[in-house]
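Take a look at the structure set out below.
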Amino acid sequence: MNKHRKQQIFVNSNQTMNQHSKLPHVGDTIFSEMNAVASEVNAINLGQGFPDYQPDSELLDAVCQAIQRGPNQYAPMIGVAALRQAIAAKVLALQGHAYDAQQEITVTSGATEALSASILALVHPGDDVVLIDPAYDLYAPVVTLAGGKPVRVAMRPPDASRPGFRLDWEAIGNAIHEKTRLLILNFPHNPTGLTLSEADLDALEHIAAKKPFLILSDEAYEHIVFDGQAYFSPASRPMLAARCVLVSSFAKTLQITGWKIGYCCAPADISKEIRKVHQYLVFSVNTPLQQGIASFLGKTQAVQALAALYQRKRDRLVRGLSHTRLRPLPCAGTFFLLADASALGMDQEKRTAIRLAKEAGVATIPVSAFYADPDAPAANHQLLRFCFAKQDATLDAAIERLAKI
Ligand code: PMP
Ligand code: GLN
């Protein structure tokens, strides 16, 4: 075959792939994009959320021992029993709901797989799925893969009277109707740092009393809530727990984002459906990591100390930003802080983030990336997300650079 003909076939097949893409508008995630910018210009990376320090050495020892001792073969499809029991105890203590470790808890490959398996298992073609903007990037594409329709309800953005984002329960209630299969929640919230209150759960119960939708509650930052606030999960209300899939991850809790161990908890009939998908996505999850985490959870206080650790880091970043032209917003949980960059005088957040990385040497995430159309004016509030899960020295170096702009 001559070279020209070969190229022709390649071009045609590329066009066909684009025409038939199941996710035609999806490219690399903003996290990969900003990582690439950060490494290209050697910026301090406060973009993608990951700690720049080692996890607890006792956890590393526990995993090394588990690898040495074995088993190193397939784990049970639903997860190692000791880890499921440890998760049941942890969820009972924090969320206040007793899940059955055999029927209702499944260990997954990170919260990512738990969320994807849940959406694929529960959403039918034509179903509506309500998301709250700004929304974590995974939800809408996976809803689309399942044949569902993402219905996006915006939080109220900060304004002159209130410096932070606010939930609009009236708008959420109005978006939910008979065809709504799922409402996806994520509190503590990435990227706004918003947490739920008792009044939020009342509002949710009120809506749930009238409509039969399910709830997917992404609680990846469950242990990072500040200023002595209580933790409120939909799973803490029996009426909501009966229709809720609670998803979390050890990524943030044990500072091991690279291990990809998560889980989902749901009533047995819902778990049964999610497990059907989980078993064909990954079948089962890394055995010695599960064993190691289970034995570490049994003897550590590290999880309880997490909120205090990150509160100190949040406060360090807030203090540091007060010497810059960026204005921090309130942050009640997670390890992300939003800051207003309007003093830098640009309209598009992504352009601001790229310029900040290139000119000041600090990489962040534009909040507009968490909206359906990142270029739309309604998605651009001049806000950048800073990850403060970093060594104090990293935060100080970033602040020093930012003070010069
Ligand atoms: N949900 C949210 C809100 C997240 O920020 C993340 C990123 N850690 C995930 C899910 C994915 O978690 P994991 O890394 O355990 O897959
Ligand atoms: N959850 C991480 C964040 O929000 C990103 C994880 C990823 O890159 N998918 O920064």
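Which one is nearest to Y231 (Cα to Cα) among residues in the range 78-117 that are among the acidic types (D, E) and open to solvent by less than 50 Å² (accessible area, probe 1.4 Å)?
Our first condition is that a residue be among the acidic types (D, E); within the range 78-117, this holds for 100, 104, 113.
Still in the running and open to solvent by less than 50 Å² (accessible area, probe 1.4 Å): 104, 113.
Values: E104: 22, E113: 24 Å.
That would be E104.
Listed by first and then second residue, the pairs with beta-carbon distance under 7 Å, at least 6 apart or on different chains, first residue in the range 382-399 and under 17 Å from Q54 (Cβ atoms) and in contact (Cβ under 8 Å) with a residue 24 or more places away in the chain, second away from ligand 1 (no atom under 16 Å from the Cβ) and part of a strand (DSSP E or B), are T394/I44.
Look at I215 and say whether it is open to solvent by less than 10 Å² (accessible area, probe 1.4 Å), at pLDDT 95 or above and within 22 Å of P150 (Cα to Cα).
Details: open to solvent by less than 10 Å² (accessible area, probe 1.4 Å): yes; at pLDDT 95 or above: yes; within 22 Å of P150 (Cα to Cα): yes.
When the stated conditions are applied, I215 passes them.
In the range 37-53, is there at least one residue being farther than 16 Å from I261 by Cβ, within 16 Å of ligand 1 (Cβ to nearest atom) and of a type in the set (D, E, K, R)? The answer is yes; a qualifying residue exists. Checking E222, E205 one by one, the residue that is away from ligand 1 (no atom under 11 Å from the Cβ) and either open to solvent by 10 Å² or more (accessible area, probe 1.4 Å) or within 21 Å of the chain's Cα centre (by Cα) (or both) is E205 and no other.
In the set P71, P51, only one residue is surrounded by 14 or more Cβ atoms within 10 Å (Cβ to Cβ) and at pLDDT 95 or above; that residue is P51.
Evaluate the following for P125: is it surrounded by 18 or more Cβ atoms within 10 Å (Cβ to Cβ) and either modelled with pLDDT under 95 or not β-branched (V, I, T) (or both)? Answer is no for this residue.
For the residues F283, F336, the requirement of being among the aromatic types (F, W, Y) and over 30 Å from A66 (Cβ atoms) singles out F336. Taken over the range 298-333, the criterion of being touching a Leu at 6+ places or on another chain (Cβ under 8 Å), within 16 Å of K90 (Cβ to Cβ) and of a type in the set (A, V, I, L, M) is satisfied by A302, V303. Selection of first residues in the range 100-129 that are within 16 Å of ligand 2 (Cβ to nearest atom) and of second residues that are of a type in the set (S, T, Y), restricted to Cβ pairs under 6 Å at least 6 apart or on distinct chains, gives the following pairs, ordered by first then second residue: T108/Y263; G110/S249; A111/S249; A114/T108. Listed conditions (1) under 11 Å from the mean Cα position of the chain (by Cα); (2) open to solvent by 10 Å² or more (accessible area, probe 1.4 Å) are all met by N190, apart from (2). Applying the criterion of at least 2 residues that are within 26 Å of K252 (Cα to Cα) to the helices (runs of 4 or more DSSP H) found wholly in the range 103-203 leaves 110-122, 139-145. Evaluation of F283 against the conditions (1) in a loop (DSSP other than H, G, I, E, B); (2) within 30 Å of A307 (Cα to Cα) shows that the sole unmet condition is (2).
Is at least one residue of the range 191-212 touching a residue at least 40 places away in the same chain (Cβ under 8 Å) and closer than 28 Å to G79 by Cα? Taking every residue of the range 191-212 in turn, none turns out to be touching a residue at least 40 places away in the same chain (Cβ under 8 Å) and closer than 28 Å to G79 by Cα. V123 falls short on exactly one of the conditions (1) farther than 30 Å from L183 by Cα; (2) in contact with a strand residue (DSSP E or B) (Cβ under 6 Å, 6 or more places away or on another chain), and that condition is (1). Count of the range 236-254 residues, restricted to those that are under 26 Å from N286 (Cβ atoms) and either over 14 Å from the mean Cα position of the chain (by Cα) or more than 16 Å from ligand 2 (Cβ to nearest atom) (or both), is 3. Of the numbered conditions (1) of a type outside the set (V, I, T); (2) surrounded by 14 or more Cβ atoms within 10 Å (Cβ to Cβ); (3) touching a residue at least 24 places away in the same chain (Cβ under 8 Å); (4) outside any loop (DSSP other than H, G, I, E, B), E33 fails exactly one; give the number of that condition. Tallying (1) of a type outside the set (V, I, T); (2) surrounded by 14 or more Cβ atoms within 10 Å (Cβ to Cβ); (3) touching a residue at least 24 places away in the same chain (Cβ under 8 Å); (4) outside any loop (DSSP other than H, G, I, E, B), E33 fails exactly one: (3).
Please determine, by comparing only the residues of the range 246-262 that are part of a loop (DSSP other than H, G, I, E, B) and within 7 Å of ligand 1 (Cβ to nearest atom), which one is nearest to H189 (Cα to Cα).
Pass one, the range 246-262, residues part of a loop (DSSP other than H, G, I, E, B): 254-261.
Right, trim to within 7 Å of ligand 1 (Cβ to nearest atom) and you get 257, 260.
Details: T257: 17, K260: 20 Å.
It comes out as T257.
Checked against the criterion of being hydroxyl-bearing (S, T, Y) and farther than 17 Å from L194 by Cα, the range 332-340 has no qualifying residue.
The values are calculated or read from the model by the stated rules, or taken from the named source; none is laboratory data. This structure is a prediction, so every number in the text was calculated from the model and none was measured. Every residue, glycine as well, gets a Cβ built from its backbone with ideal geometry; the counts of neighbours run over all protein chains shown. The protein model used for the area step is the full one, side chains on, heavy atoms only, and it has no ligands, DNA or RNA in it. Shrake-Rupley method; radii C 1.70, N 1.55, O 1.52, S 1.80 Å.
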